[in-house]
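To start, the structure itself, in structure tokens.
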């Protein structure tokens, strides 16, 4: 940030301080005004997100099956490739349509054999069924990822981690919240699986699902949005997120505002901090090159509290901050830190300047 820009921010903050009534000390700062602890995404174990969302022999609409049906008199049975229709049936040669969606392979083999007998096609059929190709889900990934776009994933591998890997991983600006948006599709049951046993919660949250992990915003047959907290999910690893065709995965960005440091520091200015690590009062002063006056101690931190740009002032002591973590407050993006000039620092700095001027005068 150029000098006029951050100077303007600091001047506005000073004006706020002049009329502010909400002035606090670190020891009496209300909880709602404290900076949140940073959530380090780089240290998370995302392997907890790895799982196959459905059983490997589970069949669904759009899958391609390799089906072979023969009797004892057939000497050279030939397999046929059959796609599962949107209505859940598969047209198996002379046997005709057989409901297969939602079943596992052994169950499908039994159904085809039974249909062959009931329809007088075979008396004692032998049936084998294999999944030749799983249906592909087209999933859109947007937001703070390295390679946003539309990705095709096999339905059995359509999970959150897989799609994030396909998108190149999280960008450095990524925040911990991910939104899974599911559009309304006519004729399709619209559920987002949240429970440990893949139960769809279409009336809210339940079971072992943590509200820190996900929150369901809309329900029923309309569009749905689930918010996933990656930190809670990677830590607890209990909740499954089965992605479906047409889903949109939106990775939110962190607040990227800098902090502003001014007053009795060597390099006043705006500084961007690592969103994955905490930044405290002494860290901000170090970023600004340290104190320009050895006796400086009073610091005012101006912090916005809401969208209406209302602010509070936190009066801090550098001496106490160096001794006590409570006084070394955690900063948040957008904070303005001003090391104040006091009568003591003014007299000291004036004396030092006079001494330097006096010592530089050449005596004749």
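Quick check, is residue 113 surrounded by fewer than 19 Cβ atoms within 10 Å (Cβ to Cβ), more than 21 Å from residue 229 (Cα to Cα) and touching a residue at least 12 places away in the same chain (Cβ under 8 Å)?
yes
Quick one: which residue in 86, 74, 57 is at pLDDT 65 or above, touching a helix residue (DSSP H, G or I) at 6+ places or on another chain (Cβ under 8 Å) and surrounded by fewer than 17 Cβ atoms within 10 Å (Cβ to Cβ)?
It is 57.
Restricting attention to region 151-162, does a residue exist that is surrounded by 19 or more Cβ atoms within 10 Å (Cβ to Cβ), in a loop (DSSP other than H, G, I, E, B), modelled with pLDDT under 95 and more than 28 Å from the chain's Cα centre (by Cα)?
So far as region 151-162 goes, no, none of its residues is surrounded by 19 or more Cβ atoms within 10 Å (Cβ to Cβ), in a loop (DSSP other than H, G, I, E, B), modelled with pLDDT under 95 and more than 28 Å from the chain's Cα centre (by Cα).
Assess whether residue 319 counts as being part of a helix (DSSP H, G or I), farther than 14 Å from residue 261 by Cα and modelled with pLDDT of 90 or more.
Answer is yes for this residue.
Counting only residues that are modelled with pLDDT of 95 or more and either in a strand (DSSP E or B) or under 21 Å from residue 25 (Cβ atoms) (or both), how many does region 265-278 have?
4
Being closer than 27 Å to residue 223 by Cβ and in contact (Cβ under 8 Å) with a residue 40 or more places away in the chain narrows it down to one of 145, 165, 129, so name that one.
Result of the check over 145, 165, 129: 145.
Residue 123 passes all but one of (1) assigned by TED's automatic domain parsing to the domain that holds residue 87; (2) surrounded by 14 or more Cβ atoms within 10 Å (Cβ to Cβ); which number fails?
Only one criterion in (1) assigned by TED's automatic domain parsing to the domain that holds residue 87; (2) surrounded by 14 or more Cβ atoms within 10 Å (Cβ to Cβ) is unmet by residue 123, namely (2).
Restricting to region 126-150, and then to whatever is surrounded by fewer than 17 Cβ atoms within 10 Å (Cβ to Cβ) and in a loop (DSSP other than H, G, I, E, B), can you tell me which residue is modelled with the lowest pLDDT?
Top of the filtered list is 146.
The values are calculated or read from the model by the stated rules, or taken from the named source; none is laboratory data. Only a predicted model underlies this, so the values are computations on that prediction, with no experimental measurement involved. Here the Cβ is made from the backbone with ideal geometry for all residues, glycine too, and neighbour counts use every protein chain on show.
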